[in-house]
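The next block holds one structure in the form of C-alpha cells; read it before the comments.
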Amino acid sequence: MDRPDPTATASPLFDEVTGALEALSEVLREEDDFRILLRHVCLQVRHAVPGVDEASVTLVTGDVPHTATATSSVIGELDGDQYRIGDGPCLEAMRSGKIVRTTVTDALERWPEFARGAREAGFGSFLAAPLVADAEFSGAVNCYGRQDDGFEEVEGRLLELYTAAVEAILRVYHRYLRARDTAEHLRMALTSRAVIDQAKGMLMAIRQVEADDAFALLVEQSQRENTKLREVAERFVERVVSGHVPPR
C-alpha cells in the first residue's frame with residue numbers, strides 16, 4: 001500500500017477512517033457475535049490506516065492478555081511472543097495509554113526477542129493503540145507493516161481516531177448485550193413464575209390443599225431431586241395434562 005504524503009491534506013485519509021467505521025457500524029446492526037465484530041475491526045483497520053498489512057486485537061481477561069482475533073496466524077504468534085516476555089509495542093500501548101510507533105530496528109534494542117521474530121516474519125514497522133471500552137473490556141489494536149521506515153505520525157493519529165470510535169461502538173455493543181441478557185432473564189423469570197403458579201393451582205385442586213402447602217410440596221420435591229423448581233413444576237404440569245396424575 002502507498003504511504004501517505006505528510007504534506008498533503010489528511011482529508012482523504014480521514015474519509016477512509018469514516019468509511020471503515022460506517023462499515024463496522026453496519027456489521028454491528030447485523031451481527032451479535034463479539035468475535036465477528038472484532039474480526040471486522042482488524043479487517044477495517046487494515047483498510048483505514050495506510051501501511052498496515054496485518055492487524056490484531058488484544059484483550060485482557062483479569063491481568064492476562066490474549067489475542068482475540070488476528071488477520072493471520074503469524075500475527076497471533078508475534079502477539080504471543082509479547083505476552084510471554086511481558087513486553088512489546090502492544091503491551092506498552094496498554095500500559096501507557098498512548099499510541100506506540102516503532103520500527104524493527106528500534107524494537108531490537110527494546111524488545112529483541114519479539115523484534116527478531118517479527119523481522120523473520122517480514123515485518124519492519126509496528127503501530128499499537130490502547131483500547132478501553134469500559135471497566136470490563138480493555139486491550140489494544142495492533143498493526144504490523146512490512147515497510148522498514150515505520151509509521152508516520154498521521155497514521156498514528158488515524159489509528160487513534162479509529163480506535164476511539166471503535167471504543168464507542170463497543171460500549172454500545174456491551175449495553176446491547178446487557179439489555180438482551182436482562183430481557184432474557186426477565187422472560188425466563190416470568191415463564192418460571194407462570195408454570196410454577198400453574199403447577200401450584202393443579203396441586204391445590206388435586207390434593208385439596210392451600211396455596212402455601214401446594215408450593216411447599218413443589219419445593220420439597222425440588223430439594224429432594226436437586227432439581228430446579230421450574231423443572232419440577234413443568235414436569236408435574238405435563239403429567240397432569242397427559243393424565244398421568246389422576247384427580248383426587
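Just the ratio, please: alpha-carbon radius of gyration of the range 181-241 over 2.2 N^0.38 Å, N its number of residues.
1.13
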Add +1 for every Lys or Arg and -1 for every Asp or Glu among the other residues with Cβ under 11 Å from the Cβ of C90, and state the total.
-3
Using θ = phi - 60° and the Karplus relation 6.51 cos²θ - 1.76 cosθ + 1.60, list the HN-Hα couplings for the range 82-89 in order, rounded to whole Hz, with x at every Gly or Pro.
5, 5, 5, 8, x, 7, x, x
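Quick check on packing: order 86-92, 236-242, 162-168 by the mean number of other C-beta atoms within 10 Å, highest mean leading.
86-92, 162-168, 236-242
Order the peptides 46-54, 221-229, 95-103 from the highest to the lowest mean number of other Cβ atoms within 10 Å of their residues.
Values: 46-54: 21.3, 221-229: 12.1, 95-103: 16.6.
The packing order, highest mean first, is 46-54, 95-103, 221-229.
Rule-based calculations on the coordinates, nothing more; no lab input. What you are looking at is a predicted structure, and each value in this text was computed from that prediction instead of being measured. FYI the Cβ positions are ideal-geometry reconstructions off the backbone, even for glycines, and counts take in every protein chain you see.
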